[in-house]
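Worksheet for the structure shown next.
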Amino acid sequence: MKKFALLLSLVFVAGVAAADQTQKADAAKPAAKATASEKSATAAKTHDVTAEVVSVDAANKTITIKGEKDNTTAPVEGKAIAALKNVKAGEKYVLTCRDDEKGAHQAVTAIHPAAGAKAPAKAEKKN
């Protein structure tokens with residue numbers, strides 16, 4: 001009976017020790033995830049701007065938009081590079097701009113036609 005009690009107490013102590021290690025490991029993981037999400041939130045500040053496109057340079061991956069005082073040229077990156085080939089000068093687009101910590105424009109990350117912009121005309125079928 002003493003051997004059985006000793007064996008049972010050893011199993012109990014091992015179980016408690018294993019549970020303690022699992023709790024310590026789980027407590028460390030959320031802190032690391034929070035840090036990564038905070039970094040991505042501060043590094044990826046974006047906002048949308050509706051602007052008229054003055055010119056597009058697909059070779060250099062830049063876009064020039066009309067401003068209140070002066071025209072502004074910005075680099076294009078990410079998904080916006082593929083959309084750049086369909087952008088036409090003189091039309092309005094909604095541009096998603098990536099900003100730095102101070103709020104200054106760094107790059108255009110997405111380009112979409114503005115809501116009021118003309119859609120391409122569809123050819124009608126004649127019978």
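Each value in this text was obtained by applying a stated rule to the coordinates, not by laboratory testing. Quick caveat, the model's predicted, so the values are computed rather than measured. Neighbour counts run over all protein chains shown; Cβ positions are idealised from the backbone, glycine included.
Hull volume per residue, based on the alpha-carbon atoms of segment 45-113 and their convex hull, is 79 Å³.
Working from label points 7 Å from Cα in the Cα-to-Cβ sense, the Ala18 to Ala104 distance is 5.8 nm.
Annotation: amide H-H contacts under 5 Å for Ser55 (H modelled 1.01 Å from N, sequence separation of 5 or more, or interchain): Thr64.
Model label points for Ala59 and Lys3, set 7 angstrom from Cα along the Cα-to-Cβ axis, are 8.9 nm apart.
Taking θ as phi - 60° and the Karplus parameters 6.51, -1.76 and 1.60, the scalar couplings of segment 48-56 work out to 9, 10, 9, 8, 8, 7, 8, 7, 10 Hz in sequence order, x denoting glycine and proline.
Sequence-ordered 3J(HN,Hα) estimates for segment 70-80 from the Karplus curve with 6.51, -1.76 and 1.60 and θ = phi - 60° stand at 10, 7, 10, 10, 10, x, 10, 9, x, 5, 5 Hz, glycine and proline given as x. Take every pair of alpha-carbon atoms less than 8 Å apart whose residues are at least six positions apart; their mean separation over the length of segment 44-88 yields a relative contact order of 32 percent.
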